[in-house]
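Input: a single structure, listed below in structure tokens.
The values are calculated or read from the model by the stated rules, or taken from the named source; none is laboratory data. This structure is a prediction, so every number in the text was calculated from the model and none was measured. Note that each Cβ is placed from the backbone with ideal geometry, even for glycine, and that neighbours are counted across all protein chains shown.
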Amino acid sequence: MPWSDHHRRAARYNRWINESLYQVCLALPAPQLNDDCGLFFQSINGSWNHLLITDLMWLSRMQHVYPILEELKDIDFPRRLNGQISDQLQLLWPLRQRVDDVLIRWCDLLRQDDATAVIEYTSSSGQPRVKPLDQILQHLFNHQTHHRGQITAALSAIGTDYGETDLLFMPQPDDC
């Protein structure tokens with residue numbers, strides 16, 4: 001299997017599970033979304049904001065490989081990991097969809113030569129970094145999984161059923 005197939009699958013899973021969990025969260029009242037429930041970014045909404053901000057940061061850092069971030073340039077976002085784009089989840093949802101679609105198209109463009117690409121960037125703490133593209137992509141999708149795990153724990157704590165989250169339950173094209 002080409003190295004890039006892993007990231008293509010991860011990008012599709014990412015979109016599917018984000019959509020699934022957003023739909024559950026959108027049905028919750030604002031206090032349950034915005035109250036501090038002990039997550040790393042305090043609330044469910046804080047976690048969704050963090051994920052959107054970090055994905056936009058990574059896409060901007062990787063832009064020289066495939067410059068498709070142009071499609072997202074209208075999204076104004078804070079450059080802080082604990083920043084907030086919106087305290088209203090219904091305003092984050094269309095942005096999340098756009099970013100997930102760009103991530104899929106971005107991963108679909110990966111070529112075999114990109115397996116050796118490195119990305120030079122400045123970290124959120126201001127430190128210069130150089131990392132292999134393959135590791136960055138793996139980190140990006142793993143980071144999403146980590147914080148979605150916190151979101152599902154918060155949903156469980158308030159007795160909300162969020163359904164299946166496992167990759168193996170993601171609908172396949174044959175399931176449609």
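Please tell me if Gly149 is free of Cβ contacts under 8 Å to residues at least 60 places away in the same chain, of a type outside the set (Asp, Glu) and over 23 Å from Ile104 (Cβ atoms). Criteria not met by Gly149. Return the residue satisfying two criteria in turn: it lies in the range 1-30 and is in contact with a Phe, Trp or Tyr (Cβ under 8 Å, 6 or more places away or on another chain) and among the polar types (S, T, N, Q), and of such residues it is surrounded by the most Cβ atoms within 10 Å (Cβ to Cβ). Ranking the candidates gives Asn14 first. Determine whether the range 49-56 contains at least one residue that is more than 20 Å from Asn142 (Cβ to Cβ), surrounded by 17 or more Cβ atoms within 10 Å (Cβ to Cβ) and touching a residue at least 60 places away in the same chain (Cβ under 8 Å). No, there is no match, as no residue in the range 49-56 is more than 20 Å from Asn142 (Cβ to Cβ), surrounded by 17 or more Cβ atoms within 10 Å (Cβ to Cβ) and touching a residue at least 60 places away in the same chain (Cβ under 8 Å). Return the residue satisfying two criteria in turn: it lies in the range 128-164 and is under 30 Å from Gln63 (Cβ atoms) and of a type in the set (Val, Ile, Thr), and of such residues it is surrounded by the fewest Cβ atoms within 10 Å (Cβ to Cβ). My answer is Val130.
Scanning the range 9-67 for residues that are among the polar types (S, T, N, Q), over 11 Å from the mean Cα position of the chain (by Cα) and closer than 30 Å to Tyr121 by Cβ returns Gln42, Ser43, Asn45, Ser60, Gln63. Residue pairs whose Cβ atoms lie under 9 Å apart, separated by 6 or more positions or on different chains, with the first residue in the range 111-134 and touching a residue at least 40 places away in the same chain (Cβ under 8 Å) and among the hydrophobic types (A, V, I, L, M, F, W, C) and the second assigned to a strand (DSSP E or B) and surrounded by 10 or more Cβ atoms within 10 Å (Cβ to Cβ), are Ala115/Pro132; Ala117/Pro132; Ile119/Arg129; Ile119/Lys131; Ile119/Pro132; Leu133/Val118; Leu133/Ile119. Put simply, of Ile119, Ile85, Ile75 the only residue that is of a type in the set (Val, Ile, Thr) and within 18 Å of Tyr22 (Cα to Cα) is Ile85. Considering only residues that are farther than 23 Å from Val99 by Cα and in a helix (DSSP H, G or I), which ones fall in the range 144-164? Ala153, Ala154, Leu155, Ser156, Ala157, listed by residue number. Being under 25 Å from Gln135 (Cβ atoms), crowded, with 18+ Cβ neighbours inside 10 Å and not basic (Lys, Arg) narrows it down to one residue among Leu33, Leu59, Leu81; which is it? Selected residue: Leu59, the only one of Leu33, Leu59, Leu81 that is under 25 Å from Gln135 (Cβ atoms), crowded, with 18+ Cβ neighbours inside 10 Å and not basic (Lys, Arg). Taking the range 1-95 and the helices (runs of 4 or more DSSP H) fully enclosed by it, the elements with 3 or more residues that are charged (D, E, K, R) and modelled with pLDDT of 95 or more are at 3-26. Do you know which of the residues in the range 96-127 that are assigned to a loop (DSSP other than H, G, I, E, B) and in contact with a strand residue (DSSP E or B) (Cβ under 8 Å, 6 or more places away or on another chain) is surrounded by the fewest Cβ atoms within 10 Å (Cβ to Cβ)? Ranking the qualifying residues of the range 96-127, first place goes to Ser123.
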